[in-house]
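The values are calculated or read from the model by the stated rules, or taken from the named source; none is laboratory data. Note that the structure is a prediction, hence the values are computed from the model and not measured. No Cβ is skipped: glycine too gets one built from the backbone with ideal geometry, and neighbour counts run over all protein chains shown. Ligands, DNA and RNA are stripped out before the accessible areas are found, and what is left, the full protein with its side chains, is counted by its heavy atoms. Shrake-Rupley method; radii C 1.70, N 1.55, O 1.52, S 1.80 Å.
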Amino acid sequence: MLLTRRNTLKAAAATAFTLTAGRAMAATRISQFIWTGAQEPVPRKLAEAYMKAHPDVTIELTAGTNAAMYPKIKASLDISANDPLVNFGFFNLDASAKGRTANVFAPLDKTAVPNVENILDAYRQPDDIGAIFCMDVCGLVYNTDKIKEPPKSWNDLFDPKYKGKVALFDYYWAGNGLVALAKLNGGSEDNIEPGMKIYADAAAAGQFHSLYTSNAQLQQLLVSGEVWIAPYFRGVALPWAAGGAPIGYSVPTEGQVTFPEGFQLVRGGSAEQTRISQEIINLSLAPEAVLDYCKTASVLPLMKNVTLPADLAKDPAVQPEALKSAINLDYAKMAANHTAWSDQWNKRVKVNL
Amino acid sequence: MASYETGDVVLTAVEKCFGDSSVVKGIDLTIRKGEFFSLLGPSGCGKTTTLRMIAGLEEPTSGSISIRGERMNGVPINKRPTNLVFQKLALFPHLNVWDNVAFGLKLKRVPEAEIRTRVGEMLDMVRLSGFESRSIASLSGGQQQRVAIARAVVNKPAVLLLDEPLGALDLKLQTHLQEELRRIQRELAMTFVYVTHNQTEAMAMSDRIGVMNAGQLEQVGAAADLYLRPQTEFVAGFVGQTNLIGGKVTAIGETTISIEAFGLTFDAVRRSAVETGQAVTFSLRPEQIRIAQAGGAGIQLPLVDATFFGATATYRLQVPGGTIVAQTQGDLQMLAPGQTVSVSWPPEAVVLLTGGQS
Amino acid sequence: MQARAGDSKAAVLMLRMVLGAVLVFMAAPILIVVANSFNSSQFNVWPPAGFTLDWYHKALTMPQFQRGFVNSVIAGVLSTLVVLAVGTPLAYAIVRIKFRGKSLLQGVLLGPLVVPRIAMGFSLFVLYLASGSGLYGSMSGIVLGHALLMLPFVVSVLVANLGEVDPIVEEAARDLGAGAVEAFVRVVLPQIRPGLIVAGLLAFITSFDEVETTIFLVKPVVNTLPIEMYLYLDQYQDPTLAALSTLLIALSMLLVLVGLMFAKRGSLRFLLGGRGA
Amino acid sequence: MTGGKALGTFRSFYVPAMLVGPATLIVLIPFIASLVVLGVYSVGFYPGGAGFDLGVWKTFLSDSYSWTVIFTSIRLAVIVTFFCLLIGYPVACALVRLDSMLMSIIAYTVIFSPLLMSVVVRSYGWLLLLSDSGFLNSLLGAWPLNLGPYRLIYNEIGVIIALVHILLPFAVLPLITVLLQQPQQLREAAADLGASPFAIFWKVTFPLSLPGVIVAAEIVFALAVSAFVTPAVLGGGRVLNLSRLVYENIGNIEWGLAAVQALILLIAAVGVLLILERFNRRTFGEKS
């Protein structure tokens, strides 16, 4: 075909048309939210397999982060309760807790998702709102060139020998150790003060190098040697180390912070969308799918029927004692307190940096 | 109303206000077909506004304008049989000489071949052959001026309007282009309406001149008319130099009247109805005053000062309560200030001013 | 250097030195990104650990970048056309015509520049959904959003340019028989061509680099390149994006060179300084 | 009497309406509508909101921390604007004096290249350059200087450097335009009257270019005051501005607070811009 101007215009018009009019075409359209990066391949594989088996179903995968996607989902439900932006997706316990309070998520039907029964009892959600089937853990990430002896305690973040060499995640309560430190010092999700005071004093004393807001920033800081130690996720740090970066992950003796993740069904979908969504969730909870996911995303399964492969089983972070002493946070309370904490964090920690 | 025979451009009671200020205050004017008509007046007198109303750049607030018998009110500028040569030229900077001149013809979808001949002829006429592909910025002021004229004339408008097109040029170039304009106008027998504040320019080129002042048309006539028989103080003062003298009618004769001013008596030809005792103003052109050695014919007046210009000389003469100016050919013997001289003038030189409110 | 009237030698020398220093400053972070795109370390180790073209291979073969690039080009071109089409008459009205509410209009025009893009994105998202227009997640929605962000730039550039065009040439064109629109197209547009080019480039670049507002408006099918880059960076920190950025810069330089070859010399001299006579 | 009233005949209602209409319809109305969204959200009218309530405004405005953030946003933007003009002006002067085509192309490409690079990637360029162990500090730290390292990033300095870098093209563009528009004869006339090059600059070139300086200031200020990514990536948590708070509060589903902060930023910025605009008018007379 000659690429004349007319043809190009036609093509452009056609594109624009299909892009706007596309939503009404397929028989059933499912919108699934997934995390970007290492978390992407497994859900994509499953979605493709499902669509092959069910040609009348189209699954539209939206990759993104909880931070960017959750507000959109909430806002869209507020505006049109029967037309959610996504039908189901992957959420951490933090977003799950927020969504539960805000009535964003719907309970799963045990008969439609029988695999929820295989989730470890401790992580089974009340009313089965969500299937939290895996978790990441948060400990100490450090530069192995600068720190030869792996750090052992959350308190190492405040060791004077690391003055100016510590970075923290901005606002991410699970990831920056604030709540963990509060709990270890007599506080709780209801009383953050003991932790907040430690952070505020350390900030004023110049302990912190900077705050970061993305994985990439932390990696840059650690690899360049500008920052030696930071609290962060094992699942993020391990791939860096595996890729050859001088980065190590260490389990604090006081316990790692758990960061459970899993599926949530969003309210407002049609009966058919709900049925298909639950069917896909159920398939995703099959042992081999879970294991596949945990391996690619460097997270730990929370399923009764999944056994860790030998190499992973040796990791100190997943030893039974380590998991036993892990610090479990009350994400619902954290969600409720988030705004107040942010305010404190801004006024007492950030302004003193 | 106005017909093709009576006039090419007819203005009837044309007024123009911008907001509260009235710029043109009721003009009636008929411009004949094929004449070179000038609107003369000081800046701010409304002459440019009048021209812009004929062109269609402004709509009159009231009154009507017609061209060749067709009413022009409400007809947009691009549909009028007029073309305008702008004061600031307004050449198209992004087009070359040829494209500037061909602009109007292209818009009228004139066939390509005809455009070629007409633009070629036009450039010949304004002596710009060979400059076709030059950019406007590379031309001299005079050349740009000629492009502007050619660009308007090439469209063969019924009426060509010119808004002080020569104002910014040096004197020599001005004179040269005045001649060219006159030549072009004769060759094409086109109606020209020319706006200027320069009386010499107007007098040099025009068949007739309309003198405007403060939004009004004071007098219309040929150059000689205006000069010799001004009707208003303004016209008398604006067209050439003159002595404007106020006085009182003292006697009315058969063909002459006598006017008293400065305690002197001035005789004038009787042209209009006056009454004895009426206060009048008259004009006495300096060059009409004859000066001779004391003791000659006429009244005796002391000479205040004398200035020689070579070909002419100017004298100021003392009259009770003022001075009057006289101009003579410079062939006289030295007349020294302080001296008394004999002064006289023919009665025709005393022109009673009858028009105008001033 | 082309001296201008009243230049002193010392001043010209100083200007040259300032320009040289600023060029180094402007180029530095870009050169370092370009250098890093060949870094064989996947962790941005500085100085580079070794040479590789792997990141270029990755940048060119990842489907989301390919699709994002196409989407970005479509969004950029369409929104630039839209904003020029509506912005040019708007700028013309501001420069040439007195009308009621003009100063209000000029005030409102500054708005999209200063409302935080995030907030703009959020409120457009709410509007798109609440209006039931289907704009959310559609190319039209992105084009509209981008046009909105660009309008202040486009109008300010065009207002400056139109101010330079003597209104009298338009009268002249009208006098020679052109209708109002025809006079504008034949006489004004050619004279503001440099402004249209600059405004168009600014608009296109704005669209091509927009993340903060766009992220609220997209669905995966219409994800633009910067969105894909943003999402990629959240998870991977290798030099793929350095390679992708280098490719984009190379591509734009290529386009500039092609433009130079085809453009009339005169119009370029105007853009590049020293008004061509 | 010529010029300005050119289209006198067409100065009806319809002409402005036709010219302004398309932009209003497809761009300004959505913009104003989104301001309305922010407005009603800020007073508690949103799905799930509590209904009319000025509480968020009151709480935010009565908190001294809020004012710190507002002033930080404005101060940062003012500093960035100042440096952009300080650097941009001589650069524009130098650019209009370039007569080699090749030099022009190189200079323009380099100056406008930041616009071609995604803000995120560009920020990483700065990290590599300015960090303690980065390119610049290793240069300074090397023999024979042995200086530093200086903390050039993760603080306001880094944010200012990076913002000046990205916003400089926006300052240079209007400056070039006014400098090119200046008639050469004016400077020639001044030189002829005996003005020194210094005097020519201060008495002729600079005053005539002020309108361009103000346009440049307006654009740079507007972009700097609402900048988000650069302060977030290079500020290391130390640079708190309103855009950042808006982002956080949208993430926190605090719609009301986010809307209040966005509107306050808008009001503060428009306030500063109006002052600039007023100055522009007073100095140069009412435009058109």
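List of remarks:
- Nearest-10 value in Å² for the accessible area of residue A:85, using the 1.4 Å probe: 20 Å²
- Hz values of 3J(HN,Hα) by residue in region C:227-239 - Karplus curve (6.51, -1.76, 1.60), Gly and Pro given as x: 5, 4, 5, 4, 5, 4, 5, 5, 10, 10, 10, 7, x
- Just so you know, the Rg over Rh for region C:87-140 is 1.11, from Cα atoms, with Rh as the Kirkwood radius.
- Result for chain C in a Gaussian network model with C-alpha springs under 10 Å: among C:231, C:255, C:241, the largest mean-square fluctuation is at C:255.
- Links that overshoot a 23 Å alpha carbon limit, given the list A:98/A:295; A:152/A:314; A:45/C:58; B:108/B:156: A:98/A:295
- Signed unit charges on C-beta, dipole axis of chain A, positive-most listed residue A:112, A:281, A:68: A:68
- Highest average packing first - C:158-166, A:41-49, Cβ atoms within 10 Å: C:158-166, A:41-49
- The distance between label points at residue D:278 and residue B:64 comes to 5.4 nm (points 7 Å beyond Cα on the Cα→Cβ vector).
- Environment charge of residue B:172, counting only residues whose C-beta is closer than 14 Å and scoring Lys/Arg +1, Asp/Glu -1: -4
- Potential lengthening between residue A:272 and residue A:295 on full extension [0.36 nm per residue; Cα-Cα distance subtracted]: 5.1 nm
- Kirkwood Rh (inverse of mean 1/r, distinct Cα pairs), the protein assembly as shown, angstrom: 36.6 Å
- Accessible surface of residue B:270 - all protein chains present, 1.4 Å probe, nearest 10 Å²: 110 Å²
- Region B:7-237 - Rg and Dmax from Cα coordinates, angstrom: 17.5, 55
- Annotation: amide H-H contacts under 5 Å for residue A:327 (H modelled 1.01 Å from N, sequence separation of 5 or more, or interchain): A:256, A:257, A:258.
- A cut-off under 12 angstrom between Cβ atoms defines the neighbours of residue D:247, and their net charge, with Lys, Arg +1 and Asp, Glu -1, is -2.
- Projected onto its three principal axes, the C-alpha set of region D:43-156 covers 64, 40, 26 Å, listed from the longest axis down.
- Legend: P(r) of chain A from all alpha carbon pair distances, 20 Å bins from 0, whole percents, reading 28, 53, 18, 1.
- Residue-wise HN-Hα coupling along region C:21-26, computed from phi with Karplus coefficients 6.51, -1.76, 1.60 (Hz; x: Gly, Pro): 5, 5, 4, 4, 4, 5
- Sorting D:106, C:205 by solvent-accessible area of protein heavy atoms yields D:106, C:205, largest first, with a 1.4 Å probe.
- Residue-by-residue Karplus 3J(HN,Hα) for region B:265-276, coefficients 6.51, -1.76, 1.60, Hz, glycine and proline x: 10, 10, 9, 9, 6, 7, 10, 10, 6, 9, 10, 5
- Cα-only Debye scattering, region A:235-310: base-10 log of I(q)/I(0) at q = 0.14, 0.24, 0.25, 0.27 Å⁻¹: -0.65, -1.17, -1.21, -1.27
- The aspartates and glutamates within cross-link reach of residue A:347, meaning a Cα-to-Cα straight distance under 20 Å and a gap of 8 or more places when in the same chain, are A:170, A:189, A:190, A:193, A:201, D:63, D:156, D:248, D:254.
- Within the protein assembly as shown, percent of DSSP bridges classed antiparallel, to nearest 5: 70 percent
- Exposed-loop-free span, longest in chain C, where trypsin sites (Lys or Arg not before Pro) count as exposed if DSSP calls them loop and at most 13 other C-beta atoms lie within 10 Å: C:101-263
- Equivalent-ellipsoid semi-axes for region A:156-248 (Cα gyration tensor, √(5λ), whole Å, largest first): 24, 15, 10.
- Heavy-atom SASA rank of D:101, B:53 (probe 1.4 Å, accessible area, largest first): D:101, B:53
- Note on region D:24-69: Cα Rg divided by 2.2 N^0.38 Å, N the number of residues, gives 1.46.
- When the surface is traced with a 1.4 Å probe over the full set of protein chains, residue B:323 keeps roughly 60 Å² accessible.
- Here region D:71-285 has an Rg and Dmax of 20.2, 67 Å, counting Cα atoms alone.
- MRE, 222 nm, helices only [DSSP H, n ≥ 4, -39500 (n - 2.57), over the protein assembly as shown, to nearest 500]: -15500 deg cm²/dmol
- Heavy-atom accessible area with a 1.4 Å probe sorts B:238, D:198, largest first, into D:198, B:238.
- Theoretical FRET efficiency, 1/(1+(r/R0)^6), r = Cβ-Cβ of residue A:339 and residue A:56, R0 60 Å, to 0.05: 0.85
- With the convex hull drawn around the C-alpha atoms of region C:60-273, the volume per residue stands at 155 Å³.
- Residue by residue along A:203-213, Cβ atoms of other protein chains within 10 Å of the local Cβ number 4 on average.
- GNM top mover of B:58, B:179, B:112 - chain B, alpha-carbon springs below 10 Å: B:112
- A simple spin-label model places the labels of residue C:253 and residue C:102 4.5 nm from each other, with each point 7 Å out along Cα-to-Cβ.
- Extent along the principal axes, Cα only, for region B:13-149: 48, 31, 27 Å, with the longest axis given first.
- Radius ratio Rg over Rh of region B:210-358, counting only Cα atoms, Kirkwood formula for Rh: 0.98
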